Amino acid sequence: MHTTKKVRVRFAPSPTGGLHLGGVRTVLYNYLFAKQHQGDFILRIEDTDQSRYVPGAEEYIFSCLKWTGLEPDESPIHGGAYGPYRQSERKALYRQYADQLVKNGYAYYAFDSPGELEKMREDFKTEQNPAPQYDHTVRSQMRNSLTLAESEVKKLLDENTRHVIRIKMPENETVSFTDMIRGEVSFNTSVVDDKVLLKADGMPTYHLAVVVDDHLMEISHAFRGEEWLPSAPVHILLWKYLFGLDAMPQWAHLPLILGPNGKLSKRDGAKYGFPVFAMSWTDAKTNELTEGFKEKGFLPEAFINLLAVLGWNDGTEQEIFSKAELIEKFSIERVHSGGARFDYEKAKWFNHEWIKRLEVAGLREQVKQVFSDKGIHITDEQLLDKVIALVKERCHLLTDFAQQGAFFFKAPEQYDMNAVKPKWNEAKQVFFAELIRNFELSNNWIAHDLETGFKEMAAAHRIKPGELLLPFRIMLVGGKFGPHVFDIAELLGKEETVARIKHLLALLQ
RNA sequence: GGCCCGUUGGUCAAGGGGUUAAGACGCAUCCCUUUCACGGAUGAAUCACGAGUUCGAUUCUCGUACGGGCUACCA
């Protein structure tokens, strides 16, 4: 049955704020699964909670998907034959299903006010049961179409009394299903509460909406976070009541991504200094900016890669995967059932690997942006390409290019004088003065020859090259960093190299 | 509290009755490099615990402990 169905998967976020690691990984797994099976990847916006609506959050999600390269085939902005793709725009659709459930005895109207619900929770609260649920044991004592007379219910409904529709969970039945990651999972219906399906404002809750929309959108496989596992029996039952279990998608509940202690949160990021969102997000209320992986200097290739292997591997020793390889090798069955702790050090290692691996062309624009953010505007693209090639192996984050390469475009503003001054002497002063003359005469400006000449001169002056190399480096870059010093000199060119030597010499006088 | 899910080095993990229990990150030492990286070599470090099944359990079963999630007219 399922095998003949076209693969259609969906990612269904609520537009409430930053898109965190777990969310992006869910997108990734959906995307990979869809592409691997020549299926469709749908983005559906779950904006049924009007009180949590955050302006800009939806656009933000699209930006993140665009940056990661995991773009949907169907969405509110990409269009598609199963729209609308925003649940708020589908509002009118849900009521009929809820009513149908009531008609068939699988759900009921509940008129309890928020105050009454609160009172119920107070009254039923005991040591053994600190959080009483609206379930089969209490529904008989509440104001709903199960307890009220039929005429009373009709009257309340006719008067447009605020009410919700709740599922009537059966007593003591076992609901089980096969999760693609965890195998058979089962629940006793008695311990699940009568979840609200349709809210008083006419909007469906997640529980109703996910089932109705997955059906209407012909979703074949539903991947979501493990936090949804406890409410799975509600969804299974709804499928059974509404559309039949044969039509139900196959479920996979993805393990959670953990932080240093417990579930990964935005707080962890702030506390330990690593990003948790794909891209920077500014909270409109507090104006608080949370830096994203993109802004931190991650490559989308690396970001996807590290997320893919956080909870999945192909059984070999391979760790670096391109998107194409992931599409080919990914399998939901090999996803771990246990949660994985996010390790920022390893995340940086992945980025480093990708920076080393990528051709200059794949880095150019992003590096240019990094320089531009630092106030360095690149005009010489050819030089930029050479600089990237020269320094990329020592950059873990794209932002490292600023430190590693800025001096190629701009003379150092600061010099690490402590590295030269203590050992500076007249002999060295003389050496560099002569070096300037030799350089000025040189018409063969390539690193290898520069180095040979430098060392011959050092020998003639009876100074160890090591004594001279560090000062030379400081002259050119300002500090103890950067690639091989003669490579730097070559790229800098004769004029600039000489100018920088002269400059520091003057400072040392 | 209840329910559900999970548990191989500090972290990500392979393996799934008999193995010297892979590999990666990180860490340490050394080599290379008279900066920092890269690269290379070496090292420290693991099957949560207790029963059971078995000739033999890291692997299977059951308990316990621990971790996590859920327990809203939020998703």
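The values are calculated or read from the model by the stated rules, or taken from the named source; none is laboratory data. If you're wondering where the values come from, they're calculated on a predicted model, not measured in any experiment. Cβ: placed from backbone, ideal geometry, glycine included. Neighbour counts: every protein chain shown. Remember, those area values only see protein heavy atoms, side chains included, never the ligands or the DNA or RNA. Shrake-Rupley method; radii C 1.70, N 1.55, O 1.52, S 1.80 Å.
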* Structure fact -> Exception for A:MET169 within (1) in contact (Cβ under 8 Å) with a residue 60 or more places away in the chain; (2) within 11 Å of RNA strand B (Cβ to nearest atom); (3) open to solvent by less than 20 Å² (accessible area, probe 1.4 Å) falls at (2)
* To do: Inspect all residues belonging to the stretch A:413-431 and state whether any of them is more than 12 Å from RNA strand B (Cβ to nearest atom), within 20 Å of A:PHE371 (Cα to Cα) and among the acidic types (Asp, Glu).
  => yes
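Tell me the strands (runs of 3 or more DSSP E) entirely within the stretch A:124-201 that contain at least 3 residues that are of a type in the set (S, T, N, Q) and modelled with pLDDT under 95.
A:174-179
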* **the stretch A:478-509: number of residues that are farther than 18 Å from A:LEU441 by Cβ, within 12 Å of RNA strand B (Cβ to nearest atom) and not acidic (Asp, Glu)** => 9
* Criterion (touching a Gly at 6+ places or on another chain (Cβ under 6 Å) and over 17 Å from A:VAL212 (Cα atoms)) met by exactly one of A:GLU116, A:GLU150, A:GLU59, A:GLU74 -> A:GLU74
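What number of residues in the stretch A:443-477 are more than 9 Å from RNA strand B (Cβ to nearest atom) and either over 15 Å from A:VAL430 (Cα atoms) or of a type outside the set (Phe, Trp, Tyr) (or both)?
20
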* Only residues in the stretch A:387-404 that are in a loop (DSSP other than H, G, I, E, B) count as the first member; pair them with residues that are near RNA strand B (Cβ under 8 Å from one of its atoms) and open to solvent by 30 Å² or more (accessible area, probe 1.4 Å), Cβ under 6 angstrom, at least 6 apart or cross-chain, and list the lot. => A:HIS396/A:LYS348
* Structure fact -> Within the stretch A:104-148, of all residues that are of a type in the set (Val, Ile, Thr) and closer than 16 Å to A:SER190 by Cβ, the one most open to solvent (accessible area, probe 1.4 Å) is A:THR137
* State which residue pairs qualify: first residue in contact (Cβ under 8 Å) with a residue 24 or more places away in the chain and of a type outside the set (Lys, Arg) and inside the stretch A:185-199, second residue more than 6 Å from RNA strand B (Cβ to nearest atom) and open to solvent by 40 Å² or more (accessible area, probe 1.4 Å) in any location, beta carbons under 6 Å apart, and separation of 6 or more residues or different chains. => A:THR189/A:GLU173; A:SER190/A:GLU171; A:SER190/A:ASN172
* Considering A:GLU46, A:GLU58, which residue is among the charged types (D, E, K, R), more than 12 Å from RNA strand B (Cβ to nearest atom) and either touching a residue at least 12 places away in the same chain (Cβ under 8 Å) or touching a strand residue (DSSP E or B) at 6+ places or on another chain (Cβ under 6 Å) (or both)? -> A:GLU58
* To do: Tell me, yes or no, whether the stretch A:149-163 has at least one residue that is open to solvent by 20 Å² or more (accessible area, probe 1.4 Å), within 9 Å of RNA strand B (Cβ to nearest atom) and over 30 Å from the mean Cα position of the chain (by Cα).
  => yes
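State whether one or more residues within the stretch A:79-87 are at negative phi and modelled with pLDDT under 95.
Yes, there is a match, as at least one residue in the stretch A:79-87 is at negative phi and modelled with pLDDT under 95.
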* Structure fact -> Selection over the stretch A:179-225 where residues are closer than 17 Å to A:VAL9 by Cβ and within 9 Å of RNA strand B (Cβ to nearest atom) yields a count of 5
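What helices (runs of 4 or more DSSP H) lie completely within the stretch A:206-295 and have 1 or more residues being touching a helix residue (DSSP H, G or I) at 6+ places or on another chain (Cβ under 7 Å), more than 30 Å from A:PHE350 (Cβ to Cβ) and at pLDDT 95 or above?
Those helices (runs of 4 or more DSSP H) span A:206-216, A:232-242.
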* **Selection within the stretch A:301-335 - loosely packed, with under 15 Cβ neighbours inside 10 Å and within 8 Å of RNA strand B (Cβ to nearest atom)** => A:GLY315, A:THR316, A:GLU317, A:ARG334
* **Of all residues making up the stretch A:336-373, the number that are free of Cβ contacts under 8 Å to residues at least 12 places away in the same chain and either within 14 Å of RNA strand B (Cβ to nearest atom) or buried (at least 17 other Cβ atoms within 10 Å of the Cβ) (or both)** => 2
